[in-house]
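Colleague: Handing you a structure now.
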Amino acid sequence: MEKKHTPHLIFFSLLILKRISGDGDDCTPASCGPTEPQIRFPFRIIGRQPSSCGFSGFDVSCNKHNRTIIQFASSRSYIVNRINYASQVIHIDPNFCRREHISDFNVTDTPFDFGRVQRYTFYNCSVLSFGFMYPAAQLQCLRTGNYSVIAVPSGLILPGNKPPGCDAMKTISVAGRWNVGVRVELMLLWFTPYCRSCELEGRGCGLKNDDGQTFCHGSSRGISESAKYGLSLGIGLPASICIIGLAWYAASKVRDYSETRHQSIDFFSIAIFPRPPSTMGLDLPTIESYPVTVLGESCRLPSEDNTCAICLSEYKSKESLRMIPECNHYFHVECIDEWLRLNATCPVCRNSPES
């Protein structure tokens, strides 16, 4: 009876788990596309996640190409390539690949920082005359025909000078990290809110109250407290039922085994087969009736045996050997006598002398 109801109870438990874990979980991580970065606190997607799921200044949106877009106070928008929540770093595309978007890039009035600002001068250079010895970054995406665009840190070239075959386009300020030149991808850091400890523990991070304080929640990212409760109920209840069923099944098997064993004992106590008598050796008069031969100087025997099969020693002159008449096998007298007292067969051919 218990086994028939177990599938229904498991289905009911999973239904409760789905209902509990699915209600009220509006801050579930989301993304603009299958290859786009995952968006969770402190970021949020406008229109898809409530404002309480993010932090001020971390709003992102999705464009018509399902790319993740972040907009700064300067009203300029940038494509978000990656987000490292543990390191609190966001990788964005500065739009240098569009000539009209090569302009000053700063992080003023944003929650992000780099620690320094570097000025770069962009040059449009002929490929044939490009061979100057300056540290520069070549932007392949701006290459057209026989011309390439390079970015050189300001101060390396004296005012009024320019690399051979190059024309200056514009000079801009770019927020960057020390010892890192301008790239087609920029890395921005954020320090507030601080969720690194939560991320390293594999836990979620969220707002504690309206004053901007954060806290770590959950034992693992993506599972809320209600989902954990439902998971415990959904797994614990079927597991308890299975344990009870297995215990009942094991008890019934033990009971059946005890009854069967008792019947088997009664049966075998009646059907007892007699044990065959053990095989004994020969008596002394029979053994002494077998002929004894004393070897001469040549140590030759009619059977051409030269080794005792019992002690594995070669025969020597003047040694006494006893022969078993039925098979004509020779052995040392002391060896074969001891053997035949315990065994009634020849050590070599296993035939019984009595036969």
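Where a number appears in this text, it was derived from the coordinates with a stated rule and is not lab data. Just so it is clear, the model here is predicted, and its values are computed rather than measured. All Cβ positions, glycine included, derive from the backbone under ideal geometry; neighbour counts span all protein chains shown.
Colleague: What is the P(r) of the stretch 284-342, as percent of Cα-Cα pairs per 5 Å bin from 0?
Modeller: Pair shares across the bins are 4, 20, 35, 25, 12, 4, 0.
Colleague: Quick one: Glu36, Glu314, Glu297, fewest Cβ neighbours within 10 Å first, how do they rank?
Modeller: Ascending number of Cβ neighbours within 10 Å: Glu297, Glu314, Glu36.
Colleague: For the residues Phe114, Phe43, what sequence is obtained by ranking on other C-beta atoms within 10 Å, fewest first?
Modeller: With the fewest neighbours first, Phe114, Phe43 line up as Phe114, Phe43.
Colleague: To make sure I understand, if each residue's beta carbon is the centre and we count other beta carbons within 10 Å, what order do Arg44, Arg82, Arg203 fall in, fewest to most?
Modeller: Ascending number of Cβ neighbours within 10 Å: Arg82, Arg203, Arg44.
Colleague: Can you give me the distance in nm between label points at Ser352 and Cys242, each placed 7 Å from the Cα along the Cα-to-Cβ direction?
Modeller: The answer from the label model is 6.3 nm.
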